[in-house]
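The values are calculated or read from the model by the stated rules, or taken from the named source; none is laboratory data. Here the structure is a predicted model, which means the values were calculated and not measured. In this analysis, Cβ positions are derived from the backbone assuming ideal geometry, glycine residues included, and neighbour counts consider all displayed protein chains. Surface accessibility is based on the protein's heavy atoms, side chains included, excluding ligands, DNA and RNA. Shrake-Rupley method; radii C 1.70, N 1.55, O 1.52, S 1.80 Å.
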Amino acid sequence: MGIRKFLMEVLDDPQITMIVESKFMRYFWGDMMLVIVIILILIAILMKQFIQTGLVKPMREMNAAMQHIAAGDMDYKITNCYSGEVGEVFHNYEDMRRKLKESMEKTIDNEKKNRELVSNISHDLKTPITSIKGYVEGIMDGVADTPEKMDRYIKTIYNKANDMDRLINELTVYSHIDANRIPYNFHQINVAEYFNDCVEEVGLDLESKNIKLDFTNLVPSQTQVIADPEQMRRVINNIIGNSVKYLDKEEGIIEIRILDEIDSIRIEIEDNGKGINQKDLPNIFERFYRTDASRNSKQGGSGIGLSIVKKIIEDHGGYIWATSKEGEGTCIHFVLRKYEVENDE
Ligand SMILES: Nc1ncnc2c1ncn2[C@@H]1O[C@H](COP(=O)(O)OP(=O)(O)OP(=O)(O)O)[C@@H](O)[C@H]1O
Ligand SMILES: [Mg+2]
């Protein structure tokens, strides 16, 4: 009881109350300041955390992605997902990356096709040049010793020069158009007439090389196909060019047969050359593919002749394959759809 009384008396004393009040205020403000400082520090930490995860991290990711794009790597995807404005920026980046990738792939593809085209045409230019050289040498050496022979030689040189002219024109046309396709000129052609003309021209060439040419046409005389006569000539020249190149017999024989297959015609060009190994057979239409045997031989070649042939036949809606027996010869078969005309018979 005594202590309680003593405290009441002390607190009632205004002097003591003032001292207590001033001490209390001092301690109170001191604590308040500490609390405010702690709160401010906490806010700063939280803000830093927020800026770090919400802005700095995505900016770093975006920067890394942009560096990949600048270095030409269009496959770099940003995997993290963000919401809000940052998410929108990432979404737009992904859109931009996809479009850039598509356009880059298109450019690369066009460049590749352009290169292929130039090498296709240069490849095919070699054939008429070699022929022209051969015929001119024939004339210079006096092989064309009769007026008829001379006439035939000159006619062939003229035709070969026309082939070259056509190929060079094709190259010029190509270099001016962006879409890289062989500029086909499809016509309705009469099979018998067309192949008779071809055989006549090729026969002359083969005759000078001592190679026998047999021609059999088993399709009705009115049969027609839709084809580009110039490109079809490239096909025949390439196939026969191979038959000549890979001939290993004293007496070379090439047979051209045209067979009737109701809705289509099948052309077979067979030689009695060195033939192709069964394991190589499925690959010979691939670009740059040459069998070991031909790579090791003296005959030059780049392995693109048959890839051009395949492309042209497929662009005509047809298909092509080869059969062969090593040591005995090779036969190239291709099928073209007939153009249905009213049958009067
Ligand atoms: N008639 C054939 N007889 C034997 N092998 C052939 C015959 N035709 C093609 N080949 C083989 O198929 C390969 C591919 O033929 P392709 O015409 O595409 O190329 P290439 O003749 O080697 O070269 P290029 O035609 O570009 O000058 C040849 O290297 C050859 O090995
Ligand atoms: Mg070839």
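Tally Lys/Arg at +1 and Asp/Glu at -1 over every other residue whose Cβ is under 13 Å from the Cβ of THR172; what's the total? Don't skip to the end; give the middle numbers.
Working: positive: ARG166; negative: ASP165, GLU170.
For residues surrounding THR172, the net value is -1.
Place +1 on the Cβ of every Lys and Arg and -1 on the Cβ of every Asp and Glu in the chain, take the dipole about the Cα centre, and give the residue among ILE308, ILE78, SER103 whose Cα lies farthest towards its positive end.
ILE78
Compute the helix-to-body angle for 191-207: its Cα long axis versus the longest principal axis of the chain, expressed 0 to 90° and rounded to tens.
Once rounded, the angle reads 80 degrees.
For the chain, modelled as a GNM with alpha-carbon contacts under 10 angstrom, which of LYS106, LYS23, LYS149 fluctuates the most?
Comparing LYS106, LYS23, LYS149 in a Gaussian network model of the chain, the most mobile one is LYS23.
Would you mind telling me which residue in LEU46, LEU204, LEU306 has the biggest mean-square fluctuation in a Gaussian network model of the chain, where springs connect alpha carbons within a distance under 10 angstrom?
LEU46
Using a simple charge model, +1 on the beta-carbon of Lys and Arg, -1 on the beta-carbon of Asp and Glu, nothing else, what dipole does the chain show about its Cα centre, in debye to the nearest 20?
Magnitude of the dipole: close to 2060 debye.
If the elastic network links every pair of Cα atoms under 10 Å, which of MET25, MET150, MET232 fluctuates the most in the Gaussian network model of the chain?
Looking only at MET25, MET150, MET232, the biggest GNM fluctuation is shown by MET25.
Say the cut-off is 31 Å between C-alpha atoms; which of LYS126/LYS310; LYS133/LYS310; LYS99/LYS338 go over it?
Exceeds cut-off: LYS99/LYS338.
Taking +1 at the Cβ of each Lys and Arg and -1 at the Cβ of each Asp and Glu, which of ILE256, SER119, SER22 sits farthest along the dipole of the chain towards its positive end, judged by Cα position relative to the Cα centre?
SER22
About the Cα centre of segment 186-345, what is the dipole size in debye to 20, counting +1 per Lys and Arg Cβ and -1 per Asp and Glu Cβ, all else neutral?
Approximately 1020 debye in magnitude.
For the chain, what does the accessible surface come to per residue with a 1.4 Å probe? Please give it in Å².
65 Å²
Among LEU34, ILE129, GLN52, whose Cα sits farthest toward the positive end of the charge dipole of segment 27-157 (+1 at Cβ of Lys/Arg, -1 at Cβ of Asp/Glu, about the Cα centre)?
LEU34
Calculated from DSSP H runs of 4 or more alone, at -39500 (n - 2.57) each and per residue, what is the 222 nm mean residue ellipticity of the chain, nearest 500? Could the numbers behind the result be given before it?
Working: 9 runs with 199 residues, N = 345.
My calculation for the chain gives -20000 deg cm²/dmol from helical runs alone.
Sorted by accessible area (1.4 Å probe), largest first, how do TYR246, TYR194, TYR339 line up?
The ranking, largest first, comes out as TYR339, TYR246, TYR194.
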